[in-house]
1. Using the Cα gyration tensor of the range 23-68, with a ≥ b ≥ c the square roots of its eigenvalues, what is the shape: rounded (a/c below 1.5), prolate (a/b larger than b/c) or oblate (neither)?
2. Test of the criteria: in the range 330-429, which chymotrypsin sites (Phe, Trp or Tyr not before Pro) are in a DSSP loop and have at most 16 other Cβ atoms within 10 angstrom of their Cβ?
3. HN-Hα J couplings of the range 272-281 from phi, Karplus 6.51/-1.76/1.60, θ = phi - 60°, integer Hz, Gly and Pro as x?
4. For residue 92 and residue 322, compute 0.36 nm times the residue count separating them, minus their Cα-Cα distance, and round to one decimal in nm.
5. Which log10 I(q)/I(0) values does the range 1-188 give at q = 0.08, 0.17 Å⁻¹ under the Debye formula, counting every alpha carbon as one identical point scatterer?
6. Check each of the GluC sites (Glu not before Pro) in the range 312-386 and keep only those in coil by DSSP with at most 12 other C-beta atoms within 10 angstrom; list them in order.
7. Can you tell me the FRET efficiency between residue 359 and residue 80 if r is taken as the Cβ-Cβ distance and R0 is 41 Å, rounded to the nearest 0.05?
8. Based on the Cα atoms of the range 265-466, what semi-axes does the equivalent ellipsoid have, where each is the square root of 5 times one gyration tensor eigenvalue, given in whole Å with the largest first?
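Just so it is clear, none of the values below were taken in a lab; they were calculated from the coordinates. This one's a predicted model, so the numbers in the text were calculated from it and none came from an experiment. Here the Cβ positions follow ideal geometry from the backbone for every residue, glycine too, while neighbour counts run over all protein chains shown.
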Amino acid sequence: MASAYAVSACGNYLSLIALGLFSYTVTGTAFGVGAVMALRLFCGFVAGFLSSTLLTWVAHHTVMIGADVARGTVMVVLALGGGRTSTWVLAAAVAVLGAGNTFSNVALRSWIPALVGGSARARANGSLVMGRSLATVVGFASAAPVIAFGGYPLAFACNAAGFAVSAGALLVLQRAAHGEGAEDAEPAADAGAVKPASGTESPGTEAPATGSGMKAQATGAGTKAQEPAADPVAGGRPKEPVAAGRPQEPVRRSRFRWRQTAAPLSGVLLMMIVLRGIDAFASSSHNVALPVVAHDAHPGEPALFMTRFWATWAVGTFLAHLVLRRRKSEAAWGESAFALGTCAMALSFAAAFWGLPAAVVVAAAASAGFADGWTEIVYASRLQAAAEPLRSRLFGLSAAAEQSGFALGTIATAAALETLPASVVVSAFHGVAVCGALALLTSLYVSTRRRRLSRTGERPQALSRR
């Protein structure tokens with residue numbers, strides 16, 4: 001699945017450059033290119049709000065396969081149309097691409113716990129981040145030679161082939177899920193289900209582990225309560241205790257499934273999603289400013305400069321995956337780790353644009369990649385700790401926040417670069433991300449201190465009653 005995702009993402013980044021140039025060829029104006037990009041972002045923004053509702057009615061893998069088929073179809077249409085493509089056909093294709101990307105990403109992220117299990121979701125997220133990072137470098141680096149060799153039709157055909165590979169991998173996973181009877185189901189470890197005593201085990205024999213760190217003790221009576229286990233990715237909060245020997249009652253689904261997605265969200269999760277949108281707003285600055293800096297610093301080979309920068313960034317994300325897969329402590333997966341990683345990423349990207357020596361720029365790019373991979377893995381794993389349908393709702397809101405933040409940041413960065421140097425613009429935008437991360441850290445500190453004070457205040461009262 002990770003390999004298919006990387007192939008599909010590589011085609012996406014390849015067609016991102018090709019589609020921008022092709023849009024200028026079709027529309028003939030810079031305003032037309034901006035309108036096409038705005039339409040794509042707007043459709044992705046709307047799809048973020050609709051994705052949670054869609055996933056309550058349609059299976060995750062079905063949504064992803066449908067998105068791959070739809071995006072692959074429009075890529076084939078653009079490849080066959082070539083220079084004869086009309087503006088309306090281009091607009092329809094861009095709308096499908098924007099909505100399809102969001103639907104596919106939300107479905108994939110929210111499907112990970114059911115696909116690999118709750119305990120392995122962080123490692124799966126790391127594999128996806130690593131694959132996307134490599135796809136970014138390969139897709140951007142291959143855009144120029146592919147377009148030079150076969151034109152826009154070849155670039156669009158490569159993207160369509162990537163969608164076909166992704167759809168094929170999903171079909172294989174779908175058959176495997178049908179064979180195991182676990183299609184789009186929550187794993188027992190996440191649900192906290194415990195196997196009842198079968199009566200064939202002798203007293204004192206341990207039953208197989210059925211939860212995160214929980215074991216069912218098959219005693220004669222079979223009524224010993226389970227100790228709740230803490231989920232490190234969920235911030236260390238313990239799960240609800242389940243009595244041994246009693247099967248968990250099935251979750252009752254409302255006939256009106258849309259009501260299940262209307263549950264209120266916690267303040268911490270909302271702040272994380274808002275910070276993710278602010279991070280996308282800040283990240284748009286270095287994406288827009290990097291080509292400008294590349295042309296100014298290396299006018300003879302700007303593409304080589306950008307390839308080196310993103311390759312170093314990809315190495316950093318790979319290192320983040322290697323580090324996080326070895327850490328199982330609660331501190332590595334908490335909200336504080338996400339906020340601190342956002343600060344480190346913002347400061348690293350800002351340092352890369354201050355005209356420092358080449359070795360320092362390489363170190364800053366690697367540091368930015370490490371922090372970017374760290375925050376991506378921690379953030380996705382934290383949202384995946386929620387149960388469905390809340391999980392799909394969280395990722396849908398996150399996609400909408402990221403799309404809107406990146407769109408606003410792109411427009412603001414383009415306007416700011418007309419009068420200010422790239423170093424000032426990138427530093428100012430990432431300074432906003434640092435402020436948002438500090439606000440989240442302050443909120444976490446205040447809430448933690450209040451909990452500690454409330455606990456210390458309850459103990460003397462309990463002792464005085466005795």
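1. On the way: a/c = 6.94, a/b = 2.55, b/c = 2.72.
It comes out oblate by the Cα gyration axes.
2. On the way: sites: 333, 338, 349, 353, 354, 370, 374, 379, 395, 406, 429; in loops: 333, 353, 354.
Counting only loop positions with at most 16 other Cβ atoms within 10 Å, the chymotrypsin sites (Phe, Trp or Tyr not before Pro) in the range 330-429 are 354.
3. So the J values, rounded to whole Hz, are 5, 5, 4, 5, 5, x, 5, 4, 5, 4.
4. Numbers: separation 230, 0.36 × 230 = 82.80 nm, distance 4.06 nm.
Here the segment from residue 92 to residue 322 would lengthen by 78.7 nm.
5. Taken in order of the listed q values, log10 I(q)/I(0) reads -0.26, -1.09.
6. Working: sites: 330, 335, 376; in loops: none.
Here no GluC sites (Glu not before Pro) fit, given the DSSP loop and packing criteria.
7. Numbers: r = 48 Å, r/R0 = 1.17.
According to the calculation, E is roughly 0.30.
8. Values: eigenvalues 277, 64, 53 Å².
Semi-axis lengths for the range 265-466 are 37, 18, 16 Å.
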